[in-house]
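Please treat every number below as a calculation from the coordinates, not as lab data. Quick caveat, the model's predicted, so the values are computed rather than measured. Note: ideal-geometry Cβ built from the backbone for every residue, glycine included; neighbour counts use all protein chains shown.
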Amino acid sequence: MIELNDVSFSYDNKMIISNLTLSIKKGEKIGIMGESGCGKSTLLKLMAGLYRADCGTVMVDGESEPEKISRKVSVVMQSPMLLPLSIYDNITMGHKYNPKQVEKVVKMARLSSWVDTLPDRIQTYIGDRADELSGGQAQRIAIARAMYKDSEVLLLDEPASALDSENSKSVLDAIMEYAIDKTVVHVTHQSKHLDGYDRIYVLKDGVLK
Amino acid sequence: MNKKVIRILKETGMMKDFIFMMILRAPFDFLNAVLASNMLESFIRLVERKEEGELFPNFWIFLLFTVVLFGYNMFVWAVVSMKINIRFIKKLRMRVYKSLLSRTQQEMEKLSAGDWISRLNSDVDKTDLYLVGPLNFMHMVISVVNLSMSAIVLFILNHTMLLVTLAVLLPFFFLSSVVVIKKIPVFKKRSREHYAKFTNWMEPVVNSSEAIKIFEGEELILKKAEEESLLIMENNMRAHKRTALASGINTFSGISGYLLLLFLGNSMMGSEIEDVARMFKITQYRGEMMKSVMMLNSCIGRMKTNLPGAERVEEVL
Amino acid sequence: MSVLSKLIKNNRICIAVAVSIAILANLSQMIYMVYVGELVNRIESREQITIKLVIILVCFLISNVITVYLKHYFGKYAAEKMAHTLRMGYIGSLLKYKKNTDTGAVMSQVQNELSHADEYLSNIFFDITDLLLTGVLVFFFLMFQNVVLTLVIFIPTILILIYVKWSSRRLSGIVLKALDAKEKMNRVSYSLVHAFPAVKVYNGDEMCIGTYEKSLNSWGEQETDMERLNAVYNSLSGVLSRVPLLLLLTVGGYMVLKENIMLGTLIVFLNMQNTLKQTIMNLPSWISGFKVFITNLDKIHNLEV
């Protein structure tokens, strides 16, 4: 499902990833740990097609062109990266309207009880309510967005790092419940978030160990 | 006009509209100058010839001309200029926005988020200011038209007076261009750079307020921010000092030119200049030339201030 | 206005010095004008221009140059001090009221409201203060020269001011709407930079373009309303500001013919009226600019509390 073959990547003349090779099968759950600044997020961005490798190949779901890779994956990052639009728009990102699917992901992301209290429910404009939105609510919208895209590959970059422990557990549980049959790569510096993962790597000096 | 700005106009497909708008707006100041100088001459001549009964009819005639002229101005502004300008900003913003969207994450990370936001918002505003903002390109064209046309009229009225006017005007223009224009944009640029550095202190204040509180970092942050703020002030003051100097030069040139014309006019009275009314008409055109040169000077300065913004926008496109 | 009052209070000494020098510069200009009037009278009556008059005029030429320089220098210095106070006050308030403030909102405020208020103080504030001061001083000077001619200028001028006040009141609401629309438009563009990876991964390009287009159109509508009113008000103001000059020439002409005044006095009035005319012509835009400045200061103030 994900193949990284002899991948190197440098940023501002500094080598971040060095001749990295990794193979992830369909449905596998992979955790990648490492200290801050070790290149975990860079590696994830390579897998998400947001960066182009300096050398080597990155293949995700049969695609090797970064732009095409981006179409094949879902990503949840540390920041929810919401747009000043309605909750609905932030989940669907303007793609074809599928009310049942939206309803389903809202439930799965554990947003239903909060959304039901809003005046315009799913159509509530969050640009005006940004201050009222908690970190957990914002991140759940980001998760619902990932669920709505329903890619085979789910990439997680410390999705719960900005949340308190209660919210963090709830958010991660929601993700794992959804991603039971998905290929998951989760980068984090907290090992407790990787319970039950198939393989856990540590990234150090641009190399996976 | 700067090549990069021309390219922006071409990219947005607004070149023809912009030229059309310029043609409509360019003659306004000169027409207003013609109206004002003829009005002054006409009234003073009526006084000199003691034609008391003609004063009120003259009042209505010139009021009518004024209404027609400003009516034209209103039409051009509200119907043509405004629409073209808004269309230009909308097109430019959309082009810059789409250009950003077409980039990869890696390309985006070559510049800071703040830099991109500036390009999307304030730099687009600066491009617009460069073109049609007060005392920028549009006013530069208006002032050039007014300056050259007033010089032609002055030449027709009295050659000597034109020569005297130019003798005072040209050194003044050279002096203020050397003293004022060259350095002001440099100081303004430095000031903006320090403003950006000052702005950088806001993010940690908001994002790390708890850490700042725990480690009692308020004083350090305030000290660092104050250093930047004082540098903004220092650079702005350097620019203001030069503007003050230019004002002094303007005053010198304005008063000395006016007095010289009055002294010369006095010596030419009855021979080369037929009466006091004509002399004041001449001073009026001299004033217009002076005003246009000052305007031109300010325009060049402000255009230089706004140009870096326009250049950054062109870079994005 | 509370933020502006605080800024003035904190820099009162600098402002007092700047205002004093501005008064001095205006007085020098006015006395010079009186001597210009005398010169014109001599030209009209074909009398000889004395050396004494030439020397006095040259002295006032030098005095005007020096005072104008000092006026600009100290005026801008006071304005820069106010801008510095504003900047430090803003960051100080952010540190003082450590509430859960949205980074985007603060950065947008720094890029827009604070930056505009800062620019306004640095470049325009002193010019407006000088303009008002000159207006008051010119009024008293002209009253001293000739009451009737002064009223001929000032009564229409007051009517113009009433008109300007009325028009600026009508403008202020529209200005506010246009500013809000611009802020929304800027926020949409800010969000693209902020959420760029999400837009790429979730292929949200079309949606982003649609949203931006909507915000652009909404801004365009508000801007059209504002500019249309600006065009009407400014053009009308231009016509009205010509009326005092026309009245001055007509009434002044009568007075010269009736030998109530000399031509030189009329020329002094014409020159001074010219200063006022420029002022009045630009008043609507200066007022709308001042309104934007105050609105920006108010928005900054809202964050403090």
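Go over the candidates C:Leu4, C:Leu27, C:Leu39 one by one and state the one that is out of contact with any Cys (no Cβ under 6 Å at 6 or more places or on another chain), closer than 19 Å to C:Gln273 by Cβ and away from chain B (no Cβ under 14 Å). The conditions single out C:Leu27. Residue count for the range A:40-84, restricted to those that are touching a helix residue (DSSP H, G or I) at 6+ places or on another chain (Cβ under 7 Å), more than 10 Å from every other protein chain (Cβ to nearest Cβ) and within 17 Å of B:Glu107 (Cβ to Cβ): 1. Go through the range C:203-259 and count every residue that is surrounded by 20 or more Cβ atoms within 10 Å (Cβ to Cβ), aliphatic (A, V, I, L, M) and either within 14 Å of chain A (Cβ to nearest Cβ) or over 30 Å from B:Leu40 (Cβ atoms) (or both). Of the residues in the range C:203-259, 2 are surrounded by 20 or more Cβ atoms within 10 Å (Cβ to Cβ), aliphatic (A, V, I, L, M) and either within 14 Å of chain A (Cβ to nearest Cβ) or over 30 Å from B:Leu40 (Cβ atoms) (or both). Scanning for something under 23 Å from B:Val79 (Cα atoms) and either buried (at least 21 other Cβ atoms within 10 Å of the Cβ) or hydroxyl-bearing (Ser, Thr, Tyr) (or both), does the range C:188-197 turn up at least one residue? Within the range C:188-197, not a single residue is under 23 Å from B:Val79 (Cα atoms) and either buried (at least 21 other Cβ atoms within 10 Å of the Cβ) or hydroxyl-bearing (Ser, Thr, Tyr) (or both). For C:Ile62, the conditions (1) more than 30 Å from C:Glu113 (Cα to Cα); (2) without any contact (Cβ under 8 Å) to a residue 60 or more places away in the chain; (3) surrounded by 16 or more Cβ atoms within 10 Å (Cβ to Cβ) are fulfilled apart from (3).
Against the test of being over 17 Å from C:Leu57 (Cα atoms) and either in a helix (DSSP H, G or I) or more than 21 Å from the chain's Cα centre (by Cα) (or both), the options C:Ser28, C:Ser5 yield a single qualifying residue, C:Ser5. Scanning the range C:49-67 finds one or more residues that are over 30 Å from B:Leu222 (Cβ atoms) and assigned to a loop (DSSP other than H, G, I, E, B). Looking only at the range A:69-86, residues that are of a type in the set (Gly, Ala, Ser) and assigned to a strand (DSSP E or B) come to 2 in all.
Where strands (runs of 3 or more DSSP E) fall wholly inside the range A:1-52, the ranges with 3 or more residues that are within 19 Å of the chain's Cα centre (by Cα) and hydrophobic (A, V, I, L, M, F, W, C) are A:29-33. Each residue in the range B:1-32 was checked for being without any contact (Cβ under 8 Å) to a residue 24 or more places away in the chain and not aliphatic (A, V, I, L, M), and 3 of them qualify.
Summed over the range B:243-276, residues that are facing chain C (nearest Cβ under 10 Å) and either in a helix (DSSP H, G or I) or on the phi > 0 side of the Ramachandran plot (or both) total 23.
Counting only helices (runs of 4 or more DSSP H) that sit completely within the range B:79-173, those holding 1 or more residues that are in contact (Cβ under 8 Å) with a residue 60 or more places away in the chain correspond to B:82-101, B:113-120, B:122-132, B:137-157. Annotation: C:Val148 fulfils all but one of (1) more than 30 Å from B:Gly71 (Cβ to Cβ); (2) within 14 Å of chain A (Cβ to nearest Cβ); the unmet one is (2). Is at least one residue of the range C:112-127 in contact with a helix residue (DSSP H, G or I) (Cβ under 7 Å, 6 or more places away or on another chain), surrounded by fewer than 17 Cβ atoms within 10 Å (Cβ to Cβ), touching a residue at least 40 places away in the same chain (Cβ under 8 Å) and more than 9 Å from chain B (Cβ to nearest Cβ)? Yes: the range C:112-127 contains one or more residues that are in contact with a helix residue (DSSP H, G or I) (Cβ under 7 Å, 6 or more places away or on another chain), surrounded by fewer than 17 Cβ atoms within 10 Å (Cβ to Cβ), touching a residue at least 40 places away in the same chain (Cβ under 8 Å) and more than 9 Å from chain B (Cβ to nearest Cβ).
For the range A:90-108, a residue qualifies if it is touching a Phe, Trp or Tyr at 6+ places or on another chain (Cβ under 7 Å) and over 25 Å from C:Leu192 (Cβ atoms), and the qualifying residues are A:Gln101, A:Met108.
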